[in-house]
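Reading through the structure tokens given below for one structure.
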Amino acid sequence: MCGIVGYIGKQETLPILIEGIKRLEYRGYDSAGIAVINDKGELIIHKRSGKIVEMEKTLPDEKNFNSCLGIAHTRWATHGEPSTTNAHPHLDCENKIAIVHNGIIENYKVLKKNLQNEGHKFNTDTDTEVLAHLIEEVYDKINDFHKAVNEALKLVEGTYGLVVISKDEPQKIIAARKGSPLIIGVGEEENYIASDVAALVVHTKNVIYLKDNETAEITKDSFKIRTLANESVAPIVKKINWDISMIEKGDFDYFMQKEIYEQPDSIENAFRGRLNDELNTARLGGVHLNPEQLENIKQIVIVACGTSWHAGLVGEYMIESMARIPVKVQYASEFRYRDPIIDHKTLVISISQSGETADTLAAIREAREKGAKVMGITNVIGSTIARETDFGSYIHAGAEIGVASTKAFTSQLTVLFLLGWMLGRMRLLTPEIGAKYGDELKKIPEKVTEIISYNDYIKEIVEASPIPENALYLGRGINYPVALEGALKLKEISYIHAEGYPAAEMKHGPIALIDENMPVIFIAPDDYVYDKILSNIEEVRARKGKVIAITNKSCDGIKDMADHVIFIPKTISLLSPLLTVIPLQLLSLHYALAKGCDVDQPRNLAKSVTVE
Ligand code: F6R
């Protein structure tokens with residue numbers, strides 16, 4: 001999604017802005033731009049469609065900028081095609097006000113018409129340009145920049161994280177937030193503003209999260225926060241716990257690769273301090289429900305999107321099996337429009353890596369309105385979902401920069417396992433079974449390390465055959481969602497069409513696709529459905545499909561049936577997705593690299609989807 005960076009202080013602005021938006025490249029974008037006010041009081045705008053480096057190449061001589069105040073943006077098109085004209089910043093009629101904006105202005109057509117009637121001239125197809133003219137219109141009347149932004153925003157319907165500067169008031173940046181994150185980075189004699197902490201972490205660890213309907217006036221040594229209703233708000237400075245190594249590739253060529261390799265640690269971080277070895281259960285400190293409330297939960301509804309939704313599907317198996325509570329998993333985008341049947345005995349769990357996904361956020365609001373308690377399972381500390389849920393657990397995966405989610409998925413599974421285990425122990429799970437779960441979980445990081453060491457072998461599998469145009473992923477039981485996740489990973493970063501199915505469903509339709517060009521990836525750990533999967537493998541072989549099987553070392557009979565076998569260490573069925581997904585992540589990485597794709601910034605995708 002779009003990214004915003006702003007700076008005001010004692011340093012030359014341009015390098016800070018460029019470096020800042022480069023840190024946000026991972027979010028996905030199609031154009032980039034900057035606006036600075038130089039020491040002569042001139043407003044300089046520069047923007048280009050395409051990558052930031054393209055914009056950089058065409059910048060006028062850097063020395064001419066002499067500026068200590070500026071804003072920058074990476075745009076992911078919503079209204080108006082990706083182009084240099086439509087790239088942000090946008091300007092008012094007098095070229096005095098420059099604005100960058102994330103989000104969508106829903107009533108922009110009406111506002112635009114009214115402004116055109118007042119004589120405003122528009123140059124772009126964007127909804128954002130309307131904001132520049134609207135602020136200009138109000139500013140001309142009340143001559144107070146911060147107040148003008150507030151008054152203008154009262155007329156706006158939609159979502160925004162926006163940052164505005166004006167030539168007439170070159171010592172301040174005005175920022176406003178509704179539905180799209182903005183964070184002030186607090187420095188000494190300098191301050192920052194960004195849509196993502198990744199752009200701030202190199203400069204400061206002290207941040208202020210703006211809340212919805214708040215606006216901020218930022219100077220180099222102060223910040224005033226007000227609500228849209230003009231009440232002043234006391235800023236709360238928080239410390240972020242990210243460090244710079246989290247947002248850099250280190251020895252790796254790609255963030256996705258680094259994040260796959262980080263999983264032994266990220267999984268351990270998700271359960272560290274959360275195991276109660278005395279009671280053989282998990283302890284999720286953030287789950288603020290008393291034992292009576294926990295026992296009264298009659299159903300659980302999980303809402304999420306994409307990979308987080310797949311984690312939810314695995315969570316369904318985990319929680320139902322351990323706690324015997326019925327679980328439904330719904331796409332957040334569907335949940336909000338289906339008048340869901342939920343009440344105060346329903347626990348809604350929202351899962352989101354970014355904590356900013358618009359559809360998930362809307363589902364949470366719908367659930368809370370209907371009286372359900374909502375738990376958040378998120379990665380980004382202080383994110384909107386973390387703040388809008390009743391209680392929750394962080395997955396502590398650290399910054400996930402690769403657009404394709406990898407380590408967040410396994411950390412989400414870990415937290416869902418802890419939750420199911422904890423609920424189960426409060427109900428019917430015996431201490432003996434509880435102890436076994438704890439023992440098995442502790443062994444997972446080491447087993448993940450072993451699977452990652454098969455990287456070269458997995459690369460050889462990819463290189464052994466021509467790159468396919470399609471692929472089928474099949475799994476059963478708790479590994480069916482892993483098949484979905486494997487297929488999603490492949491299509492996202494390699495653009496190879498892939499589908500995931502429960503293995504037995506293959507003969508109800510997808511079997512028609514199988515021929516000698518179709519790789520079929522079976523997720524077949526040694527569990528209660530292993531024998532059934534073998535029959536499915538036979539069915540594929542009979543139709544000349546290429547079989548890649550992921551199984552355990554105990555199942556070496558599969559060698560004669562498959563073209564390639566990836567043997568992984570064994571664990572209990574409920575934890576097996578934490579292992580089976582790792583070879584699938586590596587497979588998609590190598591397919592994408594073999595095709596020459598940009599694995600960290602796949603086309604059309606955004607890291608956090610803050611629009612509906
Ligand atoms: C896939 C992927 C997306 C996200 C989805 C939800 O690799 O990253 O499918 O999982 O957009 O995002 P979060 O988890 O941030 O709510």
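The values are calculated or read from the model by the stated rules, or taken from the named source; none is laboratory data. Since the structure is predicted, the reported quantities are computational estimates derived from the model, not experimental observations. Quick reminder, even Gly has a Cβ in these numbers, built from the backbone with ideal geometry, and neighbours come from all protein chains shown.
When the criteria are applied in full, VAL329 meets the requirement of being within 14 Å of the ligand (Cβ to nearest atom), more than 16 Å from the chain's Cα centre (by Cα) and either over 27 Å from GLY103 (Cα atoms) or not in a helix (DSSP H, G or I) (or both). Kindly indicate whether any position in region 275-287 is within 16 Å of the ligand (Cβ to nearest atom), within 29 Å of ASN241 (Cα to Cα) and either at pLDDT 95 or above or assigned by TED's automatic domain parsing to the domain that holds GLU432 (or both). No, because not a single residue in region 275-287 is within 16 Å of the ligand (Cβ to nearest atom), within 29 Å of ASN241 (Cα to Cα) and either at pLDDT 95 or above or assigned by TED's automatic domain parsing to the domain that holds GLU432 (or both). For LYS147, the criteria (1) more than 29 Å from the chain's Cα centre (by Cα); (2) farther than 23 Å from THR78 by Cα; (3) without any contact (Cβ under 8 Å) to a residue 24 or more places away in the chain hold in every case but one, which is (3).
The criterion of being in contact (Cβ under 8 Å) with a residue 60 or more places away in the chain, away from the ligand (no atom under 16 Å from the Cβ), touching a strand residue (DSSP E or B) at 6+ places or on another chain (Cβ under 6 Å) and of a type in the set (D, E, K, R) holds for LYS546. Go through the residues of region 30-52 one by one and say whether even a single one is surrounded by fewer than 20 Cβ atoms within 10 Å (Cβ to Cβ), among the acidic types (Asp, Glu) and part of a helix (DSSP H, G or I). No, that holds for no residue.
Among the residues of region 574-612, the ones that are within 15 Å of the ligand (Cβ to nearest atom), over 19 Å from the mean Cα position of the chain (by Cα) and over 18 Å from LEU484 (Cα atoms) come to 1 in all. Only a single item in (1) over 24 Å from the mean Cα position of the chain (by Cα); (2) surrounded by fewer than 21 Cβ atoms within 10 Å (Cβ to Cβ); (3) within 18 Å of VAL164 (Cα to Cα) is not met by ILE104, and it is number (1). Considering only residues that are over 21 Å from the mean Cα position of the chain (by Cα) and part of a loop (DSSP other than H, G, I, E, B), look in region 229-242 and name the one that is surrounded by the fewest Cβ atoms within 10 Å (Cβ to Cβ). Only one residue fits best here, namely ALA234.
Within region 366-383, residues that are under 22 Å from ILE341 (Cα atoms) and not assigned by TED's automatic domain parsing to the domain that holds ILE300 reach no partner that is within 9 Å of the ligand (Cβ to nearest atom) and not charged (D, E, K, R) with beta carbons closer than 6 Å at six or more positions or on different chains.
For every residue, the table says whether it meets (1) under 30 Å from LEU490 (Cβ atoms); (2) under 18 Å from the mean Cα position of the chain (by Cα); (3) without any contact (Cβ under 8 Å) to a residue 60 or more places away in the chain.
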site: ILE244; (1), (2), (3): no, no, yes
site: TYR261; (1), (2), (3): yes, no, no
site: PHE271; (1), (2), (3): yes, no, no
site: LEU279; (1), (2), (3): no, no, no
site: LEU289; (1), (2), (3): no, no, no
site: LEU294; (1), (2), (3): no, no, no
site: LYS298; (1), (2), (3): no, no, yes
site: ALA304; (1), (2), (3): yes, yes, yes
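For (1) modelled with pLDDT under 95; (2) assigned by TED's automatic domain parsing to the domain that holds ASP563; (3) over 24 Å from THR414 (Cβ atoms); (4) basic (Lys, Arg), each residue gets a yes or a no:
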position: GLU440; (1), (2), (3), (4): no, no, no, no
position: VAL448; (1), (2), (3), (4): no, no, no, no
position: PRO481; (1), (2), (3), (4): no, yes, no, no
position: LEU488; (1), (2), (3), (4): no, yes, no, no
position: SER494; (1), (2), (3), (4): no, yes, yes, no
position: GLY509; (1), (2), (3), (4): yes, yes, yes, no
position: ASP515; (1), (2), (3), (4): yes, yes, yes, no
position: TYR528; (1), (2), (3), (4): yes, yes, no, no
position: GLU538; (1), (2), (3), (4): yes, yes, yes, no
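Taken over region 497-528, the criterion of being within 30 Å of ARG27 (Cβ to Cβ) and surrounded by fewer than 20 Cβ atoms within 10 Å (Cβ to Cβ) is satisfied by HIS497, GLU499.
Could you please give the count of residues in region 487-532 that are acidic (Asp, Glu), within 16 Å of the ligand (Cβ to nearest atom) and free of Cβ contacts under 8 Å to residues at least 40 places away in the same chain?
Residues in region 487-532 being acidic (Asp, Glu), within 16 Å of the ligand (Cβ to nearest atom) and free of Cβ contacts under 8 Å to residues at least 40 places away in the same chain: 1 in total.
Among the residues of region 544-551, is there at least one that is part of a helix (DSSP H, G or I) and small (Gly, Ala, Ser)? Scanning region 544-551 turns up no residue that is part of a helix (DSSP H, G or I) and small (Gly, Ala, Ser). On the basis of being more than 16 Å from the ligand (Cβ to nearest atom) and either closer than 17 Å to SER393 by Cα or not in a loop (DSSP other than H, G, I, E, B) (or both), does ARG338 make the cut? The answer is no for ARG338. A count restricted to region 279-303 and to residues that are charged (D, E, K, R) and in a loop (DSSP other than H, G, I, E, B) stands at 2.
Just wondering, is there one or more residues in region 324-337 that are of a type in the set (Val, Ile, Thr), free of Cβ contacts under 8 Å to residues at least 40 places away in the same chain and buried (at least 18 other Cβ atoms within 10 Å of the Cβ)?
Yes, that holds for at least one residue.
Among the residues of region 388-415, those identified as over 16 Å from the mean Cα position of the chain (by Cα) and either among the charged types (D, E, K, R) or within 11 Å of the ligand (Cβ to nearest atom) (or both) are GLU388, ASP390. If you filter region 288-326 down to residues that are at pLDDT 85 or above and charged (D, E, K, R), you find that the one that is nearest to the ligand (Cβ to nearest atom) is GLU316. For residues that are small (Gly, Ala, Ser) and modelled with pLDDT of 90 or more, scanning just region 540-560, find the one that is surrounded by the most Cβ atoms within 10 Å (Cβ to Cβ). By that ranking, first place goes to ALA549.
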